[in-house]
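Since the structure comes first, as structure tokens, the remarks are kept for the end.
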Amino acid sequence: MSLAEKLDAIREASGKRIPAEKRVVMGQATADLRESGILNRVAKPGDRMPEFSLRNAYGVEVHSADLLAEGPVVLSVFRGTW
């Protein structure tokens, strides 16, 4: 299964799981963000990030320089609950 097919399946499952009134709120929030121009200011794939330190899932501080010394780093940001 391709990535696009997997993402489509996730969207379809979410559409069944998330109540309609919440989907409306989420859709409007997404539209508002797009209209704000925020996408012009976010990091793009391949962009170099400044060095940073964050706590991992276990509360341990992790430094980007240490991770990069081992190879490429993928940073995923979870926006939070709706």
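Computed from the coordinates by the stated procedures, all read-outs in this text should not be read as laboratory data. Not measured: the values here are computed from a predicted model. Here the Cβ positions follow ideal geometry from the backbone for every residue, glycine too, while neighbour counts run over all protein chains shown.
At 0.692 mPa s and 37 °C, plugging the Kirkwood radius over alpha-carbon pairs of the range 3-70 into Stokes-Einstein gives what diffusion coefficient in µm²/s? Walk me through the numbers before you get to the answer.
On the way: Rh = 15.8 Å.
So the translational diffusion coefficient is about 208 µm²/s.
Using Cβ counts within 10 Å as a stand-in for footprinting exposure, how do LEU67, LEU54 rank, fewest first?
On the way: LEU67 14, LEU54 11.
Lowest count first: LEU54, LEU67.
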- Message: Test of understanding: what is the full-extension gain from LEU75 to MET1, defined as 0.36 nm times their sequence separation minus their Cα-Cα distance?
- Response: 24.3 nm
- Query: Under a plain spin-label model, where a point goes 7 Å from the Cα along Cα-to-Cβ, how far apart in nm are VAL25 and ASN40?
  - Reply: 3.0
- Message: Can you list residues from other chains, or at least 5 along the same chain, whose modelled amide H is less than 5 Å from the amide H of VAL62?
- Response: LEU54, ARG55, ASN56
- With springs only between Cα atoms under 10 Å, which of ARG41, ARG23, ARG55 fluctuates most in a Gaussian network model of the chain? ARG55
